[in-house]
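A short write-up of the structure that comes next.
Derivation of every value follows stated rules applied to the coordinates shown; laboratory data play no part. These numbers come from a predicted model, not from an experiment. Heads up, the Cβs are rebuilt from the backbone with ideal geometry, glycines too, and the neighbour counts pull from every protein chain shown.
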Amino acid sequence: MKSATSAEWAHREFGQAKLKDARWLARLVLVAAQAARRPAGKVTEVFGNDAARQGAYGLLESEDVTGEQVGASMFEACAKRCACEEFVFCAVDGSSVTVTDLNDDKDLGSIGTRKQGARGVKVISALTITAKGVPLGLASQVWWKRTTPSSKRKHRNRRRTEEKEIQRWLDTMERSRQVMSQHAPQTRLWFQLDREGDAWPILQNADLGGHWFTIRGNHNRRVLLKDGRQSYLRDVLAKQPAVPLYELQVPGAPKRTARVAKMAVRACTMTLDFRDKRTHKHFSKQVNVVLAREQGTTPAGEKPIEWLLLTNRPIATVEDINQIVFGYAQRWRIEDFHRTWKSGTCRVEESQLRSAEALIKWATILAAVAVRAERIKLLSRKEPDRPASDEFSPVEIRAITVLRFGKSAKKHLEAAQVPTLAQATLWLAQIGGYTGKSSGGPPGSVTLTRGLKEVAVAVRTLEATEEICD
Ligand SMILES: [Mn+2]
């Protein structure tokens, strides 16, 4: 994918929106480009001048432009990027955008328990990731306002799937399949769901359309054995031989130390037995089950990683099984995305928008910005030797070089070779204040975004200077 200036990027992400009026489309692209240049949760922080700010509010509050339409364009752009991949991981996970609503007068739903009183909108996102672990974009997002307070839980067994939040997971997966069948029909999704996904309606549908899935098991489910007897998942697994230890790269996170975890792995094919608690009907489904358990590498104060994984991928070879564990580890990327979206770079929860529809529109634009930041970060780590021109436009590379090296930029600019992605990204991070000392790790999305902000200003200066000199 050719990234480029914020304007080109915004056009690619949002230029496909099916809006009735071309003026709204032009404004949407402008608003997204500016959000990419100066990401922040508050609209007032992103747009410095009055006219631009009024323009942005106009778009966000207009009834002619829905969050759905804005999202659809981004999902389409994502699917088109996926089209050249044989398969992509697709991490699905829930989150919420909570905002301050002290007077309880905003048009929002409840988050958490009634007692906590948080207000906002809930969302499930599907983030696609390449086989190497680089985010490609969001294939779908499903938003809703919760109207029923959480205390209704006690009647949950009596409600149909369509009435439960499980349905939102099903919808997110279905919309991901749809956008792929339209724009990337050759590419398979490999869904990755955490324990919230261990519900029979999801397991039943997860392989529709020939797509693949891995769902982390939450229950020690009942298993039907070949001889007609019954057993339980973990009892069957305990009898399987462990395959050689797999070394899993664990990225650091606020509550997780970066390390190479040694994972002992067992795998087995089983027929699960489900029961619908409302209708008491039974279903069965054959799945492959992998149990991966960290052995001897867990830092003090942390729990060992232990994943019980249900999948439709083969488990014939050690490589097959390792790939399943590797794939599930890619689910961490959606947690990184949520962090960048909500707290790190975009701080979407600081938005002061009053209606759910405006908040969803704004959060959708910021979601695209957050994925872009995550993508640049991961790409420079996973594919460091690619030319920087794969991700940055020529004028951006010039701006990065000038900002990083000042007067001695000349020799870098005159060198015939385009810098690698790893070099350009490091320079960008250094412009953003990265020294490598505080964290010890590679540049994160916060320093990169700070760098991008400065580069955006420099790009405009360079472009204007060239025009004046011409
Ligand atoms: Mn989750």
Over all distinct alpha-carbon pairs, what is the Kirkwood Rh of the stretch 358-470 in angstrom?
14.9
Which of the residue pairs Lys20/Lys377; Lys80/Lys132; Lys18/Lys42; Lys164/Lys277 have a Cα-Cα distance greater than 24 Å in the structure shown?
Lys20/Lys377; Lys18/Lys42
Apply the Kirkwood formula to the stretch 291-335: the hydrodynamic radius equals the inverse of the mean of 1/r over all pairs of different alpha-carbon atoms; give it in Å with one decimal.
11.9
Cut-off 15 Å between beta-carbons: net charge of the residues surrounding His412, Lys and Arg +1, Asp and Glu -1:
+3
Can you give the Rg and Dmax of the chain based on its C-alpha atoms, in angstrom?
23.7, 84
Given the DSSP H assignment, sum -39500 (n - 2.57) over each helix run of at least 4 residues in the chain and divide by its residue total; what's the result at 222 nm in deg cm²/dmol, nearest 500?
-12500 deg cm²/dmol
Trp200, Trp341 arranged by Cβ crowding within 10 Å, fewest neighbours leading:
Trp200, Trp341
Which of the trypsin sites (Lys or Arg not before Pro) across the stretch 173-259 are loop residues per DSSP, with 12 or fewer other Cβ within 10 Å?
Lys226, Arg229, Lys239, Lys255
Karplus couplings for the stretch 84-92 from phi (6.51 cos²θ - 1.76 cosθ + 1.60, θ = phi - 60°), rounded to Hz, Gly and Pro as x?
8, 9, 5, 8, 10, 5, 9, 7, 10
Arrange Glu391, Glu396 by Cβ neighbour counts within 10 Å, fewest through most, would you?
Glu391, Glu396
With both bridge residues required to lie in the chain, what share of the DSSP beta bridges run antiparallel, to the nearest 5%?
85
When the dipole is taken about the Cα centre of the chain, and only Lys, Arg (+1) and Asp, Glu (-1) are charged at their Cβ, what size is it in debye, to the nearest 20?
1760
How large is ³J(HN,Hα), in whole Hz, for each residue of the stretch 350-362 in order, when computed from phi with the Karplus curve 6.51 cos²θ - 1.76 cosθ + 1.60 and θ = phi - 60°, using x for Gly and Pro?
7, 4, 10, 5, 9, 10, 4, 5, 5, 4, 5, 4, 5
For Leu421, net neighbour charge (Lys/Arg +1, Asp/Glu -1) across residues whose Cβ lies under 9 Å away
-3
Residue order, fewest to most surrounding Cβ atoms within 10 angstrom, among Asp320, Asp385, Asp336
Asp385, Asp320, Asp336
If the only charges are +1 at each Lys and Arg Cβ and -1 at each Asp and Glu Cβ, what is the size of the charge dipole of the stretch 384-469 around the Cα centre, to the nearest 20 debye?
400
